[in-house]
Amino acid sequence: PATFETLIVETRGAVGLVTLDRPKQLNALNSVLIRELVGQLRAFDADPAIGAVVITGSQKAFAAGADIKEMAELGFVEAYIHDFLGEWDAVARTRKPLIAAVAGYALGGGCELAMMCDFILAADTAKFGQPEITLGIMPGAGGTQRLTRFVGKSKAMEMILTGRLMDAAEAERVGLVSRVVPAADLVEEAVKVAGKIAGLSRPIVMMAKESVNAAYETTLTEGARFERRLFHAMFSTDDQKEGMAAFIDKRSPDFRNR
Ligand code: CO8
């Protein structure tokens with residue numbers, strides 16, 4: 001099994017569980033962590049035993065942002081040539097469902113990482129924010145785009161222009177997170193939800209994810225057309241036949257991922 005400097009990687013049944021593990025630095029996202037996380041998400045995507053993935057941090061911090069100490073001396077040409085932060089796009093391109101389980105701080109790149117996941121489950125201790133402006137920069141891993149889509153212009157502008165943090169209750173009210181759970185139950189609950197997803201038909205789940213994501217990339221007409229094409233395609237799968245037969249026979253479906 002692979003060993004990591006900045007992650008703890010486990011499997012719980014068909015669920016991949018990635019725990020960001022730089023506790024002393026509040027899981028600040030340095031280049032080693034980025035590389036390890038992207039590599040592991042690719043490995044889970046390729047692993048037929050895995051149906052969904054949970055990313056979590058510690059009770060104190062999901063991640064307090066990009067590693068400021070690593071970034072402080074960066075210059076424009078170096079950032080440009082190496083496409084600083086470009087490799088993070090791979091997180092959003094993960095094809096299997098990805099759940100962020102957030103307790104404590106999700107700031108800057110930490111908030112952006114959570115928003116790259118398919119949905120966010122929050123502990124009641126979660127705090128979200130894009131404080132980059134206080135460091136003389138702005139969000140650079142999708143924050144100005146994704147936060148705006150999640151919470152609308154007014155709140156996104158206020159948070160990004162002032163650096164104000166949002167607590168879990170506000171994040172749930174405005175739709176940034178799907179649900180808030182007690183901090184002690186967070187990881188268990190996230191693994192349970194991921195396990196439920198992993199027990200469904202893999203290709204159907206992946207198509208549903210792809211279809212929801214199309215809502216962020218295209219017009220309503222094009223998106224609905226894309227949805228309908230994938231919907232039609234589902235009737236070519238064994239899992240559709242099995243799911244509907246099981247309903248009619250009043251038994252549990254046995255999805256074979258084909
Ligand atoms: N980078 C590096 N080190 C950090 C970071 C960080 N982002 N956050 C915390 N640490 C370190 C601290 O330096 C400290 O280290 P040490 O013990 O050696 O002094 C240790 O973690 C503990 O932190 P604190 O003592 O500050 O803990 P507090 O409980 O007092 O405060 C806070 C917690 C409020 C979270 C505070 O640490 C803080 O404000 N952190 C910085 C938050 C921030 O500004 N984040 C934005 C970073 S910029 C960014 O993310 C750019 C986006 C680019 C995209 C990233 C890729 C996805």
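The values are calculated or read from the model by the stated rules, or taken from the named source; none is laboratory data. The shown structure was predicted, so the numbers you read here are calculated from the model rather than taken from an experiment. Reconstructed Cβ throughout: ideal geometry from the backbone, glycine too, with neighbour counts over all protein chains shown. Only protein heavy atoms, including side chains, enter the accessible area calculation; ligands, DNA and RNA are left aside. Shrake-Rupley method; radii C 1.70, N 1.55, O 1.52, S 1.80 Å.
Numbers for the structure displayed
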item: Within straight-line cross-link reach of LYS153, lysines at Cα separation under 24 Å, skipping those fewer than 8 residues along the same chain; result: LYS127
item: Mean-position separation - Cα centroids, the range 133-164 and the range 17-69, in angstrom; result: 22
item: Cβ-defined net charge surrounding GLU172, 10 Å radius [Lys, Arg +1; Asp, Glu -1]; result: -1
item: Accessible heavy-atom area order of ILE133, ILE204, highest first, probe of 1.4 Å; result: ILE133, ILE204
item: Size of electric dipole in the range 210-257: Cβ of Lys, Arg +1 and of Asp, Glu -1, about Cα centre, debye, nearest 20; result: 180
item: Farthest positive-ward along the chain dipole, Cα basis, beta-carbon charges - from ALA190, ALA92, ALA215; result: ALA215
item: Of the DSSP H helices in the chain, those whose Cα atoms cover at least 30 Å axially and whose Kyte score averages 1.6 or more; result: none
item: Inter-label distance, nm, simple model (7 Å from Cα along the C-beta direction), MET244/LEU74; result: 5.0
item: Residue-level accessible surface for THR221, protein heavy atoms, 1.4 Å, Å²; result: 90
item: Share antiparallel - DSSP beta bridges, the chain, percent rounded to 5; result: 25
item: Whole-percent carbon and sulfur share, accessible surface of the chain, 1.4 Å; result: 57
item: Mean Cα-pair separation over length for the chain, i.e. relative contact order, pairs under 8 Å, 6 or more apart, %; result: 17
item: Rough spin-label spacing in nm, given labels placed 7 Å along Cα→Cβ, for THR221 and THR134; result: 4.7
item: About the Cα centre, charge dipole magnitude for the chain (Lys/Arg +1, Asp/Glu -1 at Cβ), debye; result: 720
item: By accessible area with a 1.4 Å probe, ligands and nucleic acids excluded, highest first: order of TYR80, TYR216, TYR105; result: TYR80, TYR216, TYR105
item: Probe 1.4 Å - accessible area at ASP21, Å² to nearest ten; result: 60
item: Pairwise label distance in nanometres, ARG251 with ALA184, each label 7 Å out on the Cα-Cβ vector; result: 4.1
item: Farthest positive-ward along the chain dipole, Cα basis, beta-carbon charges - from GLY39, ALA245, VAL180; result: ALA245
item: Extended-chain gain in nm, criterion 0.36 nm per residue less alpha-carbon gap, THR148 and LEU230; result: 26.7 nm
item: Probe 1.4 Å, accessible area per residue of the chain, Å²; result: 53
item: Accessible-area order (highest first, 1.4 angstrom probe) of the listed residues THR3, THR11, THR19; result: THR3, THR11, THR19
